[in-house]
Amino acid sequence: MTIKTMSEIFYHPSIAMKHIRDEKLKDSNEALITLALLALIPPVSLLIGTTQVGWSLSLSGEAVRLSFASAALSAMAFYIALCISLLIMGFAIHWMERTYGGEASLERCMNLTLYTATPLLVAGLAGLYPTLWLCVAAGMAGLIYSTYLLFTGVPVIMRIPEERGFMFCMAILTVGLVILVTLRALTVFMWNSVIPLTYLS
C-alpha cells in the first residue's frame, strides 16, 4: 500500500485497482493501520472546525462554537464509529465474496474497503469549515466517487465477471446503507442525549 497507489485512485482508478490486486501483502496489519489513520480526517477536521470556526446551517447564519471538551468527546465517538463501520464493511465483503465467486483474502477485502472509502474520508476535510451546505456537498461528492471506485474495483480485485461484480456491489451498498443509517441514528442519539453541548460565549 503506497502513496502512489492512494493518489492513483483519483486520476487512474482502474490501474490503481490492478495494483491493489497484484501487490504483495507483507504485513496483514498494514491496511488496518492506514485505515485507522485515514479515519482520523473527518473527526479531527470537525474538532478543529467546531471549536475554532464554529458550525452554522447557512452562510449568513451565526456560527456557534463548541467547547473543546464537548467537541473532543464528539470527535472521539465519531472516530470509533467510523473505524467500526469500516471494519464491518471489510468483514462483510470477505464474508459475501464466495457467494459471488470471489477468492480474495481478508486483507485484500480490507484494502478494497480502505481504497473505496478514501474519497469519502478525505471529504471529511470539509469539517474544517463546518457549514451545512459545504459538508453536504463534500459528503455527496465523496460518496459518489467512492461508489464509482467500488464498481470499478470489485470485478478487478475479486477476479469475477463484471455482471457478477455488479450484483456484488449492490449487496455491498446495501450493507453500507444499513451502516450509514445506523451511524446517523447513533449520532442523533449521542448529540441529544449523551454528549453535553457547552457553547463558548
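The values are calculated or read from the model by the stated rules, or taken from the named source; none is laboratory data. What you see is a predicted model, and the numbers here were worked out from it, not measured in a lab. Neighbour counts run over all protein chains shown; Cβ positions are idealised from the backbone, glycine included. Just the protein is used for accessible areas: all its heavy atoms, side chains included, with ligands, DNA and RNA removed. Shrake-Rupley method; radii C 1.70, N 1.55, O 1.52, S 1.80 Å.
Backbone geometry of region 175-180 corresponds, through the Karplus equation with coefficients 6.51, -1.76 and 1.60 at θ = phi - 60°, to 3J(HN,Hα) couplings of 4, x, 5, 4, 5, 4 Hz, x marking Gly and Pro.
What the phi angles of region 32-47 give under the Karplus curve with 6.51, -1.76 and 1.60, with θ = phi - 60°, is a coupling list of 5, 5, 5, 4, 5, 6, 5, 5, 6, 4, x, x, 5, 4, 5, 4 Hz, glycine and proline written as x. Using the Karplus relation 6.51 cos²θ - 1.76 cosθ + 1.60 with θ = phi - 60°, the per-residue 3J(HN,Hα) values for region 134-143 come to 5, 5, 5, 5, 5, x, 5, 4, x, 5 Hz, with x marking Gly and Pro. Using the Cβ-Cβ distance between TYR148 and VAL53 with R0 = 45 Å, the FRET efficiency computed as 1/(1 + (r/R0)^6) comes to roughly 0.90. Heavy-atom accessible area with a 1.4 Å probe sorts TRP95, TRP55, largest first, into TRP95, TRP55. Note on GLU103: accessible area approximately 150 square angstrom, rounded to 10, probe 1.4 Å, nucleic acids and ligands left out.
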